[in-house]
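Data first, discussion second: the structure below is written as structure tokens.
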Amino acid sequence: MAEPVKEWTADYDIFSREYIKDPFPIWDDIRGKCPVAHTDRWGGSFMPTRYEDLFNIAKDIEHFSSQNVLVADVMPTPEQIEREQNMTEEDQELIQQYNVGAPPITSDPPVHTWARKLLLPPFSVTTVAKYEAETRELCKELIDKFIDKGRADGAVDYAQQIPPRVIASILGINKDDADTFTGWVRGFLELGLTDPELREQSARSIFEFMVGQVQQRKEQPGDDLISYLLAQKVDGEPVPEPHIVGTCFLTLVAGIDTTWSSIGSAIWHLAQHPEHRKQIIEEPGLIDNAVEELLRAYSPVTMARYVASDTEYAGCPIPEGSKVLMNFPAANRDPRVFENPDVVDLHRAKNPHIAFGVGIHRCAGSNLARMEMKVSIQEWLKRIPDYRLEDPDAVTWAGGQVRGPRKMGVVFPS
Amino acid sequence: MRLKKVTVDSEKCQGHNRCYAMAPGMFKVDEYGYATPRGDGVLASEADIELAQRAVENCPERAIEIIEGEG
């Protein structure tokens, strides 16, 4: 068990129970005292908490590289090291060839520029709108399963079920594989951040699965993202297959627990605020603004940057090799930018939140995430306009890189 | 008469789609999400100016501006 944190500005622990459950007062404390905090825990990192600092660092791609965007680097176990040493040459070559990360999120320009250009059109507002009807249908089917029971787990039975199936549909993958994805992605991004064995296993499973999918699409192209990527040309040449596998890996990993966390947080918030449920039901035109406000108040994602060469920020030296946690959620609660930041106001007029980041790495799937949030909230409130948390203290949260409820019993009149 | 116009700095815009979502009649976006004002960007009414101001305040990249010029 880790030592409890006494001074958050100099020893924060983003994986502590206290931080995961209620990070908001901690951010206020850091923002007021020492806006860029530091810790030696989990490999060491710096953490800005003010909006302006996050904005500036995200824009400074020269000093703050995206080659490594995970909030914690876990040390390999002795077993993993041994396995790597005993790997066949063939395996080593394969790993070398596919060692491209998850572009464009893990790349800097110039690769980032074309990799991003490739990925944006399939996630444009217009393309994403094509998946709205099936997402609505999916939400209805999920609700059908528990509506008569008067009880459900808003995270497990609803929020977590939606993004894996929408992403599966976009990638042209059988929707029945959705539960398998969910396991892999949690293994990689959530449980795996502090468990290197599980993390490696999960990454390998996703990777092998995607290699297989790409081979299949080459033989039998369809109307899906993988086939689209295979048909694209960069400078007259087809996109290298390892790149396509990396991008598919990204789509799966980044499109699942991020969005389900947002949907889960929205359901959690609305469970406790009947006045907000009423507003959304009575003013259907409010939904877009409501989604933006919920994104601001419960931004799920903290990214990271890798310091490529010694630099300085606001007079504070940051040595090469440091990790900087991009705490976009804390920026979105900064009172310097947002009036009454801890109050959720669905009519908020000034809301330049950076839940999807800012600068060249703005989340490529933001339009998809918004659509899924909008549809899942609307469909839930249509069928379950009146509900509450079964036991607020029993709600469990995941956090660190992605924050959202993981177990959330709700009850409603059946 | 002084005209007010809305502009989008294409160097700053990263395709968040916030302006397009709140004012689809004033902005358009391309397949990458990058926004430009529709037409010449002239804000013809108080209501338009207010809407443009809202887009300015919600753009995370600070890419939108309202400029004044001779008309």
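Below, the figures for the structure above:
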| read-out | value |
| --- | --- |
| Identity of the residue in region A:278-303, buried (at least 21 other Cβ atoms within 10 Å of the Cβ) and small (Gly, Ala, Ser), that ends up farthest from A:Leu193 (Cα to Cα) | A:Ala290 |
| Pairs with Cβ under 6 Å, 6+ apart, first in region A:379-393 and of a type in the set (Phe, Trp, Tyr), second surrounded by 13 or more Cβ atoms within 10 Å (Cβ to Cβ) and not in a loop (DSSP other than H, G, I, E, B) | A:Tyr387/A:Ala271; A:Tyr387/A:Val410 |
| Selection status of B:Lys12, more than 23 Å from A:Thr126 (Cα to Cα) and not hydrophobic (A, V, I, L, M, F, W, C) | no |
| Members of region A:1-29 that are within 19 Å of A:Arg50 (Cβ to Cβ), among the hydroxyl-bearing types (Ser, Thr, Tyr) and assigned to a loop (DSSP other than H, G, I, E, B) | A:Tyr12 |
| Failed item, numbered, when B:Arg18 is tested on (1) of a type outside the set (Phe, Trp, Tyr); (2) under 24 Å from A:Gly357 (Cα atoms); (3) loosely packed, with under 15 Cβ neighbours inside 10 Å | (3) |
| Answer residue from region A:315-359, given it is touching an Asp or Glu at 6+ places or on another chain (Cβ under 9 Å) and within 17 Å of B:Gln14 (Cβ to Cβ) and is surrounded by the most Cβ atoms within 10 Å (Cβ to Cβ) among those | A:Ala331 |
| Residue match in region A:347-367 (condition: more than 14 Å from every other protein chain (Cβ to nearest Cβ) and either more than 24 Å from A:Ala37 (Cα to Cα) or part of a helix (DSSP H, G or I) (or both)) | no |
| Residue that is over 26 Å from A:Ile384 (Cβ atoms) and in contact with a strand residue (DSSP E or B) (Cβ under 9 Å, 6 or more places away or on another chain), where the choices are A:Leu191, A:Leu119 | A:Leu191 |
| Candidates B:Ala63, B:Ala52, filtered to the one that is in contact with a strand residue (DSSP E or B) (Cβ under 8 Å, 6 or more places away or on another chain), of a type outside the set (S, T, N, Q) and within 11 Å of chain A (Cβ to nearest Cβ) | B:Ala63 |
| Cross-chain or 6+ apart pairs with Cβ under 6 Å, region A:207-226 first and within 14 Å of A:Pro122 (Cβ to Cβ), then surrounded by fewer than 14 Cβ atoms within 10 Å (Cβ to Cβ) | none |
| Cross-chain or 6+ apart pairs with Cβ under 9 Å, region A:134-149 first and more than 14 Å from A:Gln160 (Cβ to Cβ), then outside any helix (DSSP H, G or I) and among the polar types (S, T, N, Q) | A:Ile147/A:Ser414; A:Asp148/A:Ser414; A:Lys149/A:Ser414 |
| The lone exception for A:His273 - which of (1) farther than 25 Å from A:Asn367 by Cα; (2) surrounded by 15 or more Cβ atoms within 10 Å (Cβ to Cβ) it fails | (2) |
| Residue ID - nearest to B:Gly69 (Cα to Cα), chosen from residues in region B:29-47 that are more than 11 Å from chain A (Cβ to nearest Cβ) and free of Cβ contacts under 8 Å to residues at least 24 places away in the same chain | B:Ala44 |
| Unmet requirement for A:Pro163, which otherwise passes all of (1) touching a residue at least 12 places away in the same chain (Cβ under 8 Å); (2) closer than 25 Å to A:Met408 by Cα; (3) surrounded by fewer than 23 Cβ atoms within 10 Å (Cβ to Cβ) | (3) |
| Region A:114-132, residues that are more than 10 Å from chain B (Cβ to nearest Cβ), aromatic (Phe, Trp, Tyr) and assigned to a helix (DSSP H, G or I) | A:Trp114 |
| Test set (1) part of a loop (DSSP other than H, G, I, E, B); (2) in contact (Cβ under 8 Å) with a residue 40 or more places away in the chain; (3) away from chain B (no Cβ under 14 Å); (4) not aliphatic (A, V, I, L, M) - A:Asp334 fails condition number | (3) |
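The numbers here are math on the coordinates, done by the rules we state, and not lab data. The model shown is predicted, which means the values in this text are computed figures rather than measured ones. Glycine also receives a Cβ, built like all others from the backbone with ideal geometry; neighbour counts cover every protein chain displayed.
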